[in-house]
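Enquirer: Sharing a structure, written as structure tokens. Questions coming.
The values are calculated or read from the model by the stated rules, or taken from the named source; none is laboratory data. None of the values given here were measured: they were computed from a predicted structure. Here Cβ is always computed from backbone atoms with ideal geometry, including for glycine, and neighbour counts include all displayed protein chains.
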């Protein structure tokens, strides 16, 4: 176990070193103030500066740099902004603020061909105009026609090798702050979110060698999400995620939704080809104010007798959770089955598993359960979920079965005590023809538990 972790850490140390080395050789520099805005609007000035110089410096000034269209960044570029320099989308702008030039839509087929490389953004306050979450297709679109249906973000980076985002603040984002996919060798660090309304860092599939650290603030959904499989309104990239560290994540207590989504699944392209959107070699540690880690495939809600979106349970291996304190004082999804402790469908947990994984590690986990109120709350559970409304709308996927070969547990405390027997805090969920309309008989299995 420790050997694998050291290998992941060493690999990402080299990624950081190489990214810094490559961006340090840029010598063609300018200041954004060398360019003339169109009144208050700096869109064309900023785009011209980026097109013509390797390094663009954005100094602080008394008013924001307003932009009213998307800025595109080519390869081998570095933007350095003063800590208090504000780059702001003009009111009502419904397209994303920043993307790389070679973005591609991987919804229908795998992305191939030339890609961007070596882009860095360091510093600045990057501000949206939104007063609340606007909804998919209302803000953060790829373009006015919403050509890439699954993009809903302030910044988009995909089809790129070597990306660094650091020392940045995001404010009032109506969609995701940063959406990533089909990327490799990525460093994201020292990021703050102020009054943002969706995901902070939204990582989609086909991603490799990513280090995310020192991320904090208030968001409306996940502070960091690893959605290798995702719904088509929130991704254009599908595939595995390999070699990732997410550490020192502080979710503001005022944030509405205190979960971290980690979603493996099987995705099907238009031609029928499938890809396992798996998670391999992941370390997630020192996370505050997250109550539930969701590691299961979830299709969009559907209404019977319609069938759900085509998907299957995804895979994983060497997934580490460490040094996390959780007060599971209520289910993360306040649905009636959980609130009333439904005897079949009412299980919820700090770690909700619904993938086929070889190994998952939980170490130095301090959890508080409130079983006097929620007797079906657990440290970890595995298996299907189901919530169905009166109109027949199904929220989850009661027919999904999943299996973890080995769950490793070390230094677990429950309500301040290290239990001699951990089994009362682990649940395998079994559905046996829960409904008549589909074969809703999913089940979860943990083949082996190693506890010390």
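Enquirer: What are the residue pairs meeting all of these: first residue in the stretch 32-48, first residue surrounded by fewer than 16 Cβ atoms within 10 Å (Cβ to Cβ), second residue assigned to a helix (DSSP H, G or I), Cβ atoms under 7 Å, and 6 or more apart or on different chains?
Expert: The qualifying pairs are 36/45; 38/44.
Enquirer: Could you identify the single residue in 373, 345, 363 that is surrounded by 15 or more Cβ atoms within 10 Å (Cβ to Cβ), out of contact with any helix residue (DSSP H, G or I) (no Cβ under 9 Å at 6 or more places or on another chain), modelled with pLDDT of 95 or more and farther than 21 Å from residue 234 by Cβ?
Expert: Working: 373 fails: surrounded by 15 or more Cβ atoms within 10 Å (Cβ to Cβ); 345 fails: out of contact with any helix residue (DSSP H, G or I) (no Cβ under 9 Å at 6 or more places or on another chain).
None of the other options fit; the residue is 363.
Enquirer: Still on this structure: Identify all residues within the stretch 200-239 that are surrounded by fewer than 24 Cβ atoms within 10 Å (Cβ to Cβ) and part of a loop (DSSP other than H, G, I, E, B); write none if there are none.
Expert: If the condition is that a residue be surrounded by fewer than 24 Cβ atoms within 10 Å (Cβ to Cβ) and part of a loop (DSSP other than H, G, I, E, B), then 206, 218, 220, 221, 231, 232, 233, 234, 239 are the ones that fit.
Enquirer: Take residue 8 and decide whether it is touching a strand residue (DSSP E or B) at 6+ places or on another chain (Cβ under 6 Å), surrounded by 18 or more Cβ atoms within 10 Å (Cβ to Cβ) and part of a strand (DSSP E or B).
Expert: Numbers: touching a strand residue (DSSP E or B) at 6+ places or on another chain (Cβ under 6 Å): yes; surrounded by 18 or more Cβ atoms within 10 Å (Cβ to Cβ): yes; part of a strand (DSSP E or B): no.
Taking the combined requirement at face value, the residue does not satisfy it.
Enquirer: Next up: Condition first: in contact with a strand residue (DSSP E or B) (Cβ under 7 Å, 6 or more places away or on another chain), outside any strand (DSSP E or B) and more than 21 Å from residue 358 (Cα to Cα). Now tell me which residues in the stretch 310-333 satisfy that. Outline the logic, then answer.
Expert: Here is the first cut: in the stretch 310-333, the ones in contact with a strand residue (DSSP E or B) (Cβ under 7 Å, 6 or more places away or on another chain) are 310-328, 331-332.
After this cut, where a residue has to be outside any strand (DSSP E or B) as well, the list is 310-311, 313-314, 331-332.
Correct list: 310, 331, 332.
Enquirer: Filter the stretch 287-316 down to residues that are under 24 Å from residue 1 (Cα atoms) and buried (at least 18 other Cβ atoms within 10 Å of the Cβ), then give me how many there are. Give the steps one after another, and end with the answer.
Expert: First pass over the stretch 287-316, keeping only residues under 24 Å from residue 1 (Cα atoms): 287-288, 292-296, 314-316.
Narrowing the set further to residues that are buried (at least 18 other Cβ atoms within 10 Å of the Cβ) leaves 287, 292-296, 314-316.
Of the residues in the stretch 287-316, 9 are under 24 Å from residue 1 (Cα atoms) and buried (at least 18 other Cβ atoms within 10 Å of the Cβ).
Enquirer: So is residue 160 under 30 Å from residue 24 (Cβ atoms) and either surrounded by fewer than 19 Cβ atoms within 10 Å (Cβ to Cβ) or under 18 Å from the mean Cα position of the chain (by Cα) (or both) or not?
Expert: Details: under 30 Å from residue 24 (Cβ atoms): yes; either surrounded by fewer than 19 Cβ atoms within 10 Å (Cβ to Cβ) or under 18 Å from the mean Cα position of the chain (by Cα) (or both): yes.
Spelling it out, residue 160 is indeed under 30 Å from residue 24 (Cβ atoms) and either surrounded by fewer than 19 Cβ atoms within 10 Å (Cβ to Cβ) or under 18 Å from the mean Cα position of the chain (by Cα) (or both).
Enquirer: Can you find even one residue in the stretch 58-74 that is part of a loop (DSSP other than H, G, I, E, B), under 28 Å from residue 241 (Cα atoms) and modelled with pLDDT under 95? Talk me through it step by step, then tell me what you get.
Expert: Of the residues in the stretch 58-74, the ones part of a loop (DSSP other than H, G, I, E, B) are 59-64, 68-70, 74.
From what's left, under 28 Å from residue 241 (Cα atoms): 70, 74.
Next cut, modelled with pLDDT under 95 only: none.
No, the stretch 58-74 contains no residue that is part of a loop (DSSP other than H, G, I, E, B), under 28 Å from residue 241 (Cα atoms) and modelled with pLDDT under 95.
Enquirer: Filter the stretch 397-426 for residues that are in contact with a helix residue (DSSP H, G or I) (Cβ under 9 Å, 6 or more places away or on another chain) and assigned to a strand (DSSP E or B) and give the result.
Expert: Filtering the stretch 397-426 for residues in contact with a helix residue (DSSP H, G or I) (Cβ under 9 Å, 6 or more places away or on another chain) gives 412, 414, 419.
Answer for the stretch 397-426, where residues must be in contact with a helix residue (DSSP H, G or I) (Cβ under 9 Å, 6 or more places away or on another chain) and assigned to a strand (DSSP E or B): 412, 414.
Enquirer: Which residue out of 422, 426, 446, 412 is touching a residue at least 24 places away in the same chain (Cβ under 8 Å), within 24 Å of residue 359 (Cα to Cα), more than 29 Å from the chain's Cα centre (by Cα) and buried (at least 17 other Cβ atoms within 10 Å of the Cβ)? I'd like the intermediate steps shown before the answer.
Expert: Values: 426 fails: more than 29 Å from the chain's Cα centre (by Cα); 446 fails: more than 29 Å from the chain's Cα centre (by Cα); 412 fails: more than 29 Å from the chain's Cα centre (by Cα).
Checking each option against the conditions leaves just 422.
Enquirer: Sticking with this structure for a sec: Which of (1) in contact (Cβ under 8 Å) with a residue 40 or more places away in the chain; (2) out of contact with any strand residue (DSSP E or B) (no Cβ under 9 Å at 6 or more places or on another chain) is the odd one out, the single condition residue 265 does not satisfy?
Expert: Residue 265 satisfies all of (1) in contact (Cβ under 8 Å) with a residue 40 or more places away in the chain; (2) out of contact with any strand residue (DSSP E or B) (no Cβ under 9 Å at 6 or more places or on another chain) except (2).
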